[in-house]
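FYI, it's all coordinate maths here, none of it is from the lab. Note that the structure is a prediction, hence the values are computed from the model and not measured. Note that each Cβ is placed from the backbone with ideal geometry, even for glycine, and that neighbours are counted across all protein chains shown.
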Amino acid sequence: MLESALRGSKRYWLLLGFWALVILAGLAAYSRQLSEGLTITGMSRDVTWGLYIAQFTFLVGVAASAVMVVLPYYVHNYKAFGRMVILGESLAVSAVAMCMLFVFVDLGQPRRVLNVLLYPSLHSVMFWDVVVLSGYLLLNLVIGGVTLEAERQGTPPPKWVKPLVYLSIPWAVSIHTVTAFLFSGLAARPFWMTSILAPRFLASAFASGPSLLILLALILRKFTKFDPGREAIQKLATIVTYAMVINVFFVLVELFTALYGEMPHHLHPFEYLFLGLDGKSALVPWMRVCELLTVGCVVLLLIPQVRRQEGLLAVLCVAVIAAIWIEKGMGMVVTGFVPSPLGKITEYVPTAPEIMITLGVYAIGFFLLSVFCKIVVGVRERVEMA
Amino acid sequence: MHESRRSFLKRVGCVALGAGCAGPLFGAAGKAVEEGLGCGASGGKQWGLVIDIPKCRREEVRRACTAACHRAHNVPEIRDANGQISSKEEIKWIWSEKFEDAFPDEAHPYTAAALKDQPVLVLCNHCTHPPCVKVCPTAATWKRPQDGIVMMDMHRCIGCRYCIAACPYGARSFNWRDPRPYLHAAIRPEYPTRTKGVVEKCNFCEERLRDGLEPACVEEARKASGGDPPLTFGDLSDPDSAISRLLSEKPTICRRLSLGTGPNVFYIV
Amino acid sequence: MSEKMGTGSEPLRENTGQTACREVPVPIFSRARSDTPKIIVGLAVALVALTFPLWYALAAGRSEPSPAVELPSGVSQCVEPKDTMKAHHMELLRQWQLAVVREGSNEPYVSHAYGTKCKMSLTKTCLGCHTNRANFCDRCHSQVNVQPACWDCHNESKEK
């Protein structure tokens with residue numbers, strides 16, 4: 001089964017070669033970070049988490065969104081997702097791998113990373129995040145690998161996979177909930193300390209993840225013979241639509257509490273993010289773009305005729321991903337630090353080496369995803385030949 | 001037994017991985033449960049500090065405190081290209097902030113201007129319920145049961161900066177780069193420096209307390225103010241200590257009490 | 001070796017213990033045109049190659065003597081005997097680190113061999129006598145290519 005990753009067309013090798021180049025560039029930048037320290041990033045004493053943790057937050061959502069295909073298919077026997085599930089699991093594995101890598105490159109002392117497992121601190125949400133993410137990675141690798149191999153053999157998967165699949169459903173929800181708890185348990189950061197953070201994370205995850213899945217399905221259909229099916233893509237589009245609507249509702253609900261309640265600690269971060277505060281407004285243009293994309297996506301996605309046009313749907317999916325990437329990534333993470341506990345406003349702009357390392361990690365994820373998809377396509381081709 | 005080579009190797013691999021991970025991890029987990037959280041003093045001391053804001057009005061006093069602390073602990077002075085202290089990367093254990101920034105819940109529009117802009121010394125509060133300790137994934141920072149000091153273990157810190165996100169007082173600094181080139185005064189050899197990638201903060205001079213001395217800032221403040229001590233340090237759990245008597249005589253406030261962290265640094269306004 | 005191929009429309013049977021899969025399982029130790037000799041030879045070569053540093057060092061004997069280290073003047077013995085220190089100084093330092101940093105201990109260290117007491121401090125005790133790190137610690141560390149991270153933070157006892 002795995003050998004189909006080692007045999008491919010020129011296009012396949014060119015793709016892998018491209019990712020490899022980006023990975024190498026990222027590695028070069030990272031080696032500089034290892035020797036000089038995190039000073040090469042744009043983070044500062046006040047804004048201590050930036051681009052890396054923003055990507056981590058966004059990608060945990062993408063990883064969790066696999067549950068949106070697994071649940072209908074395995075629990076509710078929604079057969080149309082038959083070929084989508086394996087793509088969801090592949091995306092989940094790549095996303096979790098990227099998540100863990102982003103946390104790793106963010107560490108000041110990465111060679112000590114195993115301390116998290118050697119000195120488990122059960123009161124620390126970060127410890128639990130490492131545990132659930134590792135578990136989720138393992139779960140998806142096993143479930144995906146075993147079901148794919150079973151498909152290749154032409155047999156149903158072994159019985160012991162079923163309980164693992166059922167386990168992966170609450171586990172997917174838990175990874176993103178635990179990640180939300182990382183932020184929402186901190187009394188020092190009123191922007192993050194809101195109960196709705198976990199539901200918001202899940203809603204935006206279920207919009208961005210399936211969007212990525214739709215794009216992946218369309219790309220695979222275009223370049224290979226693998227077609228998850230029109231109905232599956234349409235169902236995912238419906239999920240994205242509802243999730244986006246709920247996400248917008250959650251954001252509006254947050255805005256009401258902050259704007260109507262007028263508590264300075266709660267209000268100031270929102271002011272900084274959407275309007276600018278004390279003359280500092282670096283994130284405002286980003287939020288304008290996010291608002292535009294969000295409104296456009298929600299309005300258009302609500303129209304079934306629009307969703308049915310796959311070309312238009314692809315564009316809207318890109319827009320959804322961009323909007324959520326802005327809002328959840330930089331928007332949520334950086335704003336948590338503004339104003340600082342001492343009332344100062346420090347702005348954050350990522351530096352070029354930081355961006356390069358980020359791209360390198362993304363390239364690793366896309367490399368993995370390309371390899372997984374190649375294997376999936378290989379298996380399907382083999383089964384269909386039979 | 002008919003078994004493919006592949007499934008045999010898979011089985012062996014799984015067993016090896018399981019045994020290899022389980023052993024040390026269970027051992028470590030057992031140790032960690034023993035170590036515990038150590039939140040709140042358990043029959044031991046609780047060191048505390050009282051800062052008399054009016055007595056620290058003079059800048060020389062406050063500067064002397066900061067200088068003494070930073071000198072004693074090899075705290076670097078990170079300067080940017082213009083020679084100014086880099087606000088992006090500065091490391092500080094004790095320093096001055098305006099009253100309205102240190103006490104956002106106490107300053108109101110009619111607070112006397114003299115008080116609003118009055119710089120006050122701020123440092124780690126060695127809280128009774130420290131949020132930084134709660135979030136640290138490796139217990140690299142923990143509250144010492146014997147004396148309530150919130151300690152840093154520079155050997156264990158992985159530099160994730162979660163503690164900095166959790167601290168409501170901005171008391172912690174991260175080493176964005178190797179600090180040694182920025183120790184402009186000579187390194188004080190008896191105390192280690194830090195390396196890049198770890199977090200640091202005030203440690204209530206635990207190494208001086210070991211030798212029966214009081215914290216550097218307290219000693220220096222007394223010298224700089226000519227005898228009338230602006231800073232009082234002592235054991236809060238001892239009702240006869242100087243600090244306990246001072247707290248019972250003078251009205252004091254704390255920073256951001258409503259957050260429930262239980263700070264152990266008190267301010268006489 | 002022909003593989004059985006079914007059509008896509010064949011009903012898939014339950015896994016009944018007898019394999020219905022296309023991959024023919026092969027018992028490990030018997031196969032026509034066996035690869036076993038090649039595998040065993042390969043494993044043996046790999047084992048020899050991987051353990052090269054061990055058996056070569058034993059066979060060839062020490063080619064380089066231990067580096068000459070500058071011993072401190074005016075002090076006759078260390079915290080523990082020389083051979084104990086050579087073999088276990090890192091464990092001793094780790095023990096001191098845990099006691100001082102994690103437990104906050106202020107107790108002096110009592111030597112197992114001599115019963116003498118000393119402060120548990122790398123800089124004050126160890127480097128108090130071994131004042132020149134470059135001529136002592138680094139000599140052996142360089143030869144065996146060990147780079148302890150201690151020096152990132154801990155200082156020599158004399159001000160530079």
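The table that follows gives values for the structure above.
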item: Lysines with Cα under 18 Å of B:Lys196, excluding same-chain neighbours fewer than 8 positions away; result: B:Lys88, B:Lys92
item: Gaussian network model of chain A, Cα within-10 Å springs - most flexible of A:Ser90, A:Ser124, A:Ser65; result: A:Ser124
item: Fewest-first ranking of A:Val338, A:Val96, A:Val284, using other Cβ atoms within 10 Å as the exposure measure; result: A:Val284, A:Val338, A:Val96
item: Listed residue pairs exceeding 18 Å between alpha carbons, taken from B:Lys98/B:Lys143; A:Lys10/A:Lys374; B:Lys143/B:Lys250; A:Lys10/A:Lys222; A:Lys280/A:Lys344; result: B:Lys98/B:Lys143; B:Lys143/B:Lys250
item: Separation of alpha-carbon centers, region A:169-228 and region B:88-155, rounded to whole Å; result: 35
item: Neighbour-count order for B:Lys45, B:Lys250, fewest beta carbons within 10 angstrom listed first; result: B:Lys250, B:Lys45
item: Exercise: per-residue mean of other protein chain Cβ atoms within 10 Å, A:181-194; result: 3
item: Calculated FRET efficiency for the pair A:Asp227/A:Lys159, C-beta based, R₀ 35 Å, to 0.05; result: 0.75
item: The protein assembly as shown: C-alpha gyration tensor shape, a/c 1.5 cut-off, then a/b vs b/c; result: oblate
item: Pairs of alpha carbons in region B:44-268 whose separation is greater than 31 Å (percent); result: 17
item: Virtual spin-label span in nm between B:Arg5 and B:Ser248, 7 Å along Cα→Cβ; result: 8.3
item: Inter-chain shielding of B:199-211 (mean C-beta neighbours from other protein chains, 10 Å cut-off); result: 1
item: For peptides C:122-131, A:352-361, C:78-87, sequence by mean Cβ density within 10 Å, most packed first; result: A:352-361, C:122-131, C:78-87
item: 19 Å reach of a label modelled at A:Val295, 7 Å along Cα-to-Cβ, counting backbone N of region A:323-340; result: A:323-328
item: Residue of B:Ile53, B:Ile149, B:Ile85 that the Gaussian network model of chain B assigns the largest fluctuation, springs spanning Cα pairs under 10 Å; result: B:Ile85
item: Most mobile of A:Ser195, A:Ser340, A:Ser35 in a GNM of chain A (Cα contacts under 10 Å); result: A:Ser35
item: B:Asn82 versus C:Val48: modelled label distance in nm, points set 7 Å from Cα along the beta carbon direction; result: 7.0
item: Sites B:Ala113 and A:Glu36, calculated FRET efficiency, Cβ-Cβ separation with R0 51 Å, nearest 0.05; result: 0.70
item: Taking A:Leu202, B:Leu49, A:Leu302 and counting other C-beta atoms within 10 Å, the order from fewest to most; result: A:Leu302, A:Leu202, B:Leu49
item: Mean Kyte hydropathy of 0.0 or more with a Cα span along the axis of at least 30 Å, helices from DSSP in chain A; result: A:10-36, A:84-106, A:125-153, A:161-184, A:197-223, A:230-261, A:352-385
item: Three-way shape call for region B:151-232 based on the alpha-carbon gyration tensor, with the a/c threshold at 1.5; result: prolate
item: Label-point separation in nm, C:Cys140 to C:Leu71, each point 7 Å along Cα→Cβ; result: 1.3
item: Per-residue [θ]222 nm for the protein assembly as shown (sum of -39500 (n - 2.57) over DSSP H runs n ≥ 4, rounded to 500); result: -16000 deg cm²/dmol
item: Spatial separation of Cα centroids for region B:188-215 and region A:8-54, in angstrom; result: 35
